[in-house]
Amino acid sequence: MKKGTGDPFDGMGGDAGPESTIQDYVSTMLRGKMTIVVSLIVCVVLMVVYTLLSKPVYESSSLVLVNLKQSQTGVSIEESPREVADTKIANEIAILKSRLLAEAVARALLDNPYIDDAKKTPMPIVRVGGSSPDVASLASQATVATRLTRAMDFVPERESDVIRVIARSSDPRESSTLANTYADVFQEHELSITKTRSKSLREFLQNQLAAKKQALESAESELKRYMEASGVVSLDAQATRVTQQLSSLEANRDAVDIEIESLSKTLSTYQERLPEQEREAAKVIKQANDPYIRRIQEQLANLQVQRDVLMNQDLSAVGKEVYAQKLKEIEGQITNLQKKLDDRTSSFLQGGTSGEAGSLQVDPAAYVQQARQKIFETQMEIQALQSKKTALNGVIRQYETEFGQIPQKSIELARLQRNRMSAEKLYVTVDDKFNEISIVEKSEFANVGVIDKASVPVAPVSPVLSINILLGALFGFTIGVMIVLVGEYLDIRIHTPDDLKKRGYTLLSFVGRLDGRTPEEPLPAPLGASGKADPRFLVSLTEPFSPAAEGYRRLRTKLEYALPESQTRRIVVTSPNPGEGKTTSIINLAIAFAQAERRVLLVDGDLRRPKVHTVLGFDMTPGLSEHLAGHATLQQVTHAGVIRHLDVICAGELSRQDPELLGSKHMSRFLKETERAYDWILIDTSPVLAVSDAATLTTMADGAVVVVSGGETRLVALERAVEHVTGTGGKVLGVFLSKFDALKAYGGFYGGDKYGFYTTSYGKTNGATEEPVTKTQSMIRAAQGAYRTLKDHIPLKRTQNEQ
């Protein structure tokens, strides 16, 4: 077999190496599975304890319907220049969450604090400290209101005008009582607002109706007197048309004035209900004066007046194509301006416009929070009506110019008729609106209706044991994974062959932990003759087909390829720290070489803590120390023929007068003296980081093998060991990984042939070829062995045919 001469440790210690893969992360998780399981169990147990110790929470809800069509309580005398946005569901929820309503509910609960029909036990929410059953020890209204804000929740139902009022409590009866009380108080609150505004408008319209009736009677009397005195009783067609147009326009203007006064009265009502928030309310009113909105309203009012004038033209003219086209154009412009106005006002109400109008996000007071949109809408309507009044005045001036061209005698008659028609039209309009608002006031309908009462819940909504267990398991698993990942990141120990390869070290071979079983077969002489040898660590000799023996044979093969065959090869075996398996490794490596019919000399060079003689069952002295000190000959210290082709020299006893024997010229002479008789000289040395003997002997050898222990040796220790060896001119051939626990290192994810050999036992077929044995084959062979054992020890009764 041709041996290579390349350096197997080329690039050792570099940072190059394969990146982490999914399999690496899986292996890490499996390696730390016990940590994850413990973390999961602890968190689940804590969640179970928390669930069992926590008070149950019951939830009950009622449903309230917000009638958006009736939410605008004002009565418009003229059709609004745009469809004013109705009260939003979000505004109603803001009212429900306000301190004002919470205090109103608190008053209602304190008026009737009992939770039972016998009226003996007050509700927990109204008790002092929430637990005292004494009726005399009731909490204050402010305290109950604060508790209500924490116990209540309000959720809008999807795609509807319904709001769900949710109450939570440790008592199921209290939860239903809270939800129902909140819904009832909210309904009464909205009804109070509606009635207050309706009453104010009715009183205003009642006064206006009396004044307009008197004005109509006066206009009719004046017209009658003039017709009797002048004898003029009718006008020509042109005068009639102009008079009708002027009367209609003036009636519209007067109606706009009444509407402005009505809305101003409504605005004053809102302000009277906000005595403590006058500054904030004034700020809202000031913000409503958006120049952009005001400009759109003026343009919209002019277009609406033009449309009304065209619609009041002679019927024969209205039907003409030119008027129809003109009306169509005006309607299109009105539609476009209306959309822009709606978008602008909607953006303002949502607090999204730039400038001052958008700076107010949340009103600090409960009343302002409720009235913000209503104040803004009222101010917007007033601005729109003022713009319309300005446009009407302009058109009236045009018709007054045409009116002045009527003959002098007909002018007075036309004026009187115009006054009478204007007064009559305005009186009819005010009368209709007065009747409408009277009906609304007497009906006493609120904008909010309770459509579903809350019932007493039968089961708590929290804590739910199954959900808490699931959350605990998820939380525990997450914590466990984080602990494992952080521990893996901070762990600088060598666990797997991959850890060495990723950091550029040359891996010569690896073996698992020896099971420590005493083999049934006796050791060959002379090892077995004295009975002092420890067969548990001689797996290459006692279990030649085991994975561990194969690992040592792989190490032997790598070393043969690493060094030329033309000379005696001297190998130093060391480790960074004590207890990492270097002595066991070098003994089994020596046996592997001897089994390959190589002449091997095993030298125990660890003069500080020798172990070779203990494993092989020899006396420690005389040994290497006595020979180097000149107290014993080479023949006297050599245990020849330990097994075929293997000789052993023990360490001997180190003298205090000769601490540097291994670095002396006697050691060099010893190596030259022995190299002629052997193919391989294997020297067991002290740990590199403990003493300097290993670094010294490496300079006299062809190379060193550094033994590390899986799961114990730190990477920094390996780095320092390599630096010590190479720093003195020595050569490191590679790293041998001992005590490698594949199940622990890979967490059960370790493949049988991941590194080229199976973890099952090896067997021979036809007495020659070694093949990997599968799990099924191992079971079959075990059964066959058991059968043979039974057959040899238990006499079986043979049948007559067999005899």
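Values as computed for the structure displayed
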| read-out | value |
| --- | --- |
| The range 552-568: number of residues that are surrounded by 24 or more Cβ atoms within 10 Å (Cβ to Cβ) and modelled with pLDDT under 90 | 1 |
| Count of the range 342-353 residues which are crowded, with 16+ Cβ neighbours inside 10 Å and either modelled with pLDDT of 75 or more or farther than 17 Å from Gln379 by Cα (or both) | 1 |
| Some residue of the range 591-609 being surrounded by fewer than 18 Cβ atoms within 10 Å (Cβ to Cβ), over 21 Å from Pro522 (Cβ atoms) and of a type in the set (Phe, Trp, Tyr) | no |
| Flag for Gly663 being open to solvent by 10 Å² or more (accessible area, probe 1.4 Å) and outside any helix (DSSP H, G or I) | yes |
| Residue satisfying condition, being outside any helix (DSSP H, G or I), touching a residue at least 12 places away in the same chain (Cβ under 8 Å) and under 23 Å from His724 (Cα atoms), within set Pro576, Pro564, Pro622 | Pro576 |
| Flag if Lys328 is of a type in the set (D, E, K, R), assigned to a helix (DSSP H, G or I) and at pLDDT 70 or above | yes |
| The lone exception for Ser98 - which of (1) more than 42 Å from the chain's Cα centre (by Cα); (2) hydroxyl-bearing (Ser, Thr, Tyr); (3) at pLDDT 85 or above it fails | (1) |
| Filter result for Leu538 (surrounded by 15 or more Cβ atoms within 10 Å (Cβ to Cβ), out of contact with any Pro (no Cβ under 7 Å at 6 or more places or on another chain) and at pLDDT below 85) | no |
| Options Ser175, Ser140, Ser160: the member that is open to solvent by less than 40 Å² (accessible area, probe 1.4 Å) and of a type in the set (S, T, N, Q) | Ser175 |
| Long-range neighbours under 7 Å by Cβ, at least six apart or interchain, first residue within 17 Å of Thr696 (Cβ to Cβ) and touching a residue at least 40 places away in the same chain (Cβ under 8 Å) within the range 600-618, second surrounded by fewer than 22 Cβ atoms within 10 Å (Cβ to Cβ) and among the hydroxyl-bearing types (Ser, Thr, Tyr) | none |
| Residue in the range 17-31 that is open to solvent by less than 80 Å² (accessible area, probe 1.4 Å) and at pLDDT below 55 present | yes |
| Residue satisfying all of: in the range 484-502; among the charged types (D, E, K, R) and modelled with pLDDT of 80 or more; farthest from Ser738 (Cα to Cα) among these | Lys502 |
| Any hit, the range 506-527, residues being more than 54 Å from the chain's Cα centre (by Cα), open to solvent by less than 40 Å² (accessible area, probe 1.4 Å) and charged (D, E, K, R) | no |
| Within the range 208-236, considering residues that are surrounded by 13 or more Cβ atoms within 10 Å (Cβ to Cβ) and polar (S, T, N, Q), the one modelled with the lowest pLDDT | Gln208 |
| Yes/no for Gly617 being under 18 Å from Thr674 (Cβ atoms) and either modelled with pLDDT of 85 or more or surrounded by fewer than 16 Cβ atoms within 10 Å (Cβ to Cβ) (or both) | no |
| Hits in the range 188-216 (condition: closer than 23 Å to Thr378 by Cβ, free of Cβ contacts under 8 Å to residues at least 40 places away in the same chain and of a type in the set (S, T, N, Q)) | Ser192, Asn207 |
| Options Ala721, Ala704, Ala717: the member that is under 28 Å from Ala549 (Cα atoms) and assigned to a strand (DSSP E or B) | Ala704 |
| The range 666-686, residues that are in a loop (DSSP other than H, G, I, E, B) and open to solvent by 10 Å² or more (accessible area, probe 1.4 Å) | Arg676, Ala677, Tyr678, Asp679 |
| Pair list, Cβ under 7 Å, 6 or more apart: the range 473-490 residue among the β-branched types (Val, Ile, Thr), other residue surrounded by 13 or more Cβ atoms within 10 Å (Cβ to Cβ) and outside any helix (DSSP H, G or I) | Val484/Gly32 |
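The values are calculated or read from the model by the stated rules, or taken from the named source; none is laboratory data. Nothing here was measured: the structure is a model prediction, and the numbers come from that model. Quick reminder, even Gly has a Cβ in these numbers, built from the backbone with ideal geometry, and neighbours come from all protein chains shown. Protein only, heavy atoms only, side chains kept; ligands, DNA and RNA dropped before computing areas. Shrake-Rupley method; radii C 1.70, N 1.55, O 1.52, S 1.80 Å.
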